[in-house]
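Trainee: To start, I am sharing the structure in question, which I have written as structure tokens.
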Amino acid sequence: MGLGIAYVAANVTRLPVVLMDINQAQTEKGMQFFDKLLAKDVAKNKITAEHAKVTRELVSTTNSLSDMSDVDFVVEAASENLNIKSAIFRDLDQVCKPDSILATNTSSISITKIAGVTKRSQQVIGMHFMNPVPVMKLVEIIPGLATTPEVLKQTVDLATAMGKTCTVVQDIPGFVANRLLMPYINEAIMLLESGAASAEDIDTTMKLGANMPMGPLTLADFIGLDTCLAIIKVLHNDTGDSKYRPAFLLQKYVDAGWMGKKNGKGFFTYK
């Protein structure tokens, strides 16, 4: 997600971007993929070779948060885990300029809760990009309780400049996209768990019967089963509503290390 956001920011808005990960191997791997994305867009005549060259020159990498001290706008895209995100935001609050805006790409976690660990809660906001970022047009913008109207406007302006369509939604568990999507996926997993139909037949039913571009189980694999589980747990825990109880089979797959497409095994098997 972070790489996709960086790609769109540099390629579409022509803004300088710093891509940060604590693991150097990850940043190197990310930039290799970044170069492949540029080459693919050039081959498809979406951009010129000169455009790709300038885009590449706009992006630098780092493995230290201290190098974020001069940036104007941060988009955090770490794992969907409150403790991890809170630790990052505490550090960013110390490192970044006082007027820097801190955004989180969380799929479900409270923006207000994340903002609460900083001393600049008025400058913290949610930017929920959809995956894959270069393809998907939507960004959910989620102001926290203290987010100022000016920060909201700047965030919407940035996302719009990135070629995205924005929706502004309240800071509720799962926001809108995942409040609707995750129960759909979770119910499909429960159907599989009950033996009502095979994974293939469940997906085929929704693709051909409801005109979905992909079935719910394939979609879960693409999102990442660990991410799906984390989101549905937030919905269940934060609302207290039993209708969001995670499917036992989803928990079992994650416990087994079957995370979906990203590691080759989920409800389906991938090369």
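The values are calculated or read from the model by the stated rules, or taken from the named source; none is laboratory data. All values reported here derive from a predicted model rather than from experimental measurement. Reconstructed Cβ throughout: ideal geometry from the backbone, glycine too, with neighbour counts over all protein chains shown.
Trainee: Restricting attention to the range 230-244, and to residues there that are in contact (Cβ under 8 Å) with a residue 24 or more places away in the chain and charged (D, E, K, R), which single residue is nearest to ILE185 (Cα to Cα)?
Mentor: Across the range 230-244, the extreme among qualifying residues is LYS243.
Trainee: Okay, moving on. Would you please list the contacts, defined by Cβ atoms under 8 Å and residues six or more apart or on different chains, that run from a residue in the range 258-269 that is modelled with pLDDT under 95 to a residue that is crowded, with 17+ Cβ neighbours inside 10 Å?
Mentor: Once the first residue is modelled with pLDDT under 95 and sits in the range 258-269, its partners that are crowded, with 17+ Cβ neighbours inside 10 Å give LYS262/GLY224.
Trainee: Kindly establish whether VAL71 is of a type outside the set (Phe, Trp, Tyr), within 16 Å of the chain's Cα centre (by Cα) and farther than 25 Å from ALA230 by Cα.
Mentor: Judged against the criteria, VAL71 is not a match.
Trainee: Also, quick follow-up: For LEU249, are the conditions met, namely being assigned to a helix (DSSP H, G or I) and over 20 Å from the mean Cα position of the chain (by Cα)?
Mentor: yes
Trainee: Within the set of pairs 6+ apart or on separate chains, which have a first residue in the range 1-26 that is without any contact (Cβ under 8 Å) to a residue 24 or more places away in the chain, a second that is hydrophobic (A, V, I, L, M, F, W, C), and C-beta atoms under 6 Å apart?
Mentor: none
Trainee: Further question on the same structure: Kindly indicate which of LEU225, LEU192, LEU208, LEU219 is farther than 26 Å from ALA77 by Cβ, touching a residue at least 12 places away in the same chain (Cβ under 8 Å) and not small (Gly, Ala, Ser).
Mentor: None of the others qualify; the one that does is LEU192.
Trainee: May I pose another question? When you scan the range 113-209 for strands (runs of 3 or more DSSP E) that lie fully inside it, which ones turn up with 3 or more residues that are under 23 Å from ILE88 (Cα atoms) and under 16 Å from the mean Cα position of the chain (by Cα)?
Mentor: Passing ranges, in order: 124-129, 138-143.
Trainee: So LYS243 clears everything in (1) of a type outside the set (S, T, N, Q); (2) buried (at least 19 other Cβ atoms within 10 Å of the Cβ); (3) part of a helix (DSSP H, G or I) except one condition, right? Which one?
Mentor: (2)
Trainee: Let me ask something additional. Which ranges mark the helices (runs of 4 or more DSSP H) fully within the range 1-112 that have 2 or more residues being within 20 Å of LYS137 (Cα to Cα)?
Mentor: Counting at least 2 such residues, we get 2-13, 24-43.
Trainee: Pull up the range 227-245, narrow it to residues that are among the charged types (D, E, K, R) and within 14 Å of LEU82 (Cα to Cα), then point me to the one that is farthest from the chain's Cα centre (by Cα).
Mentor: My answer is ASP238.
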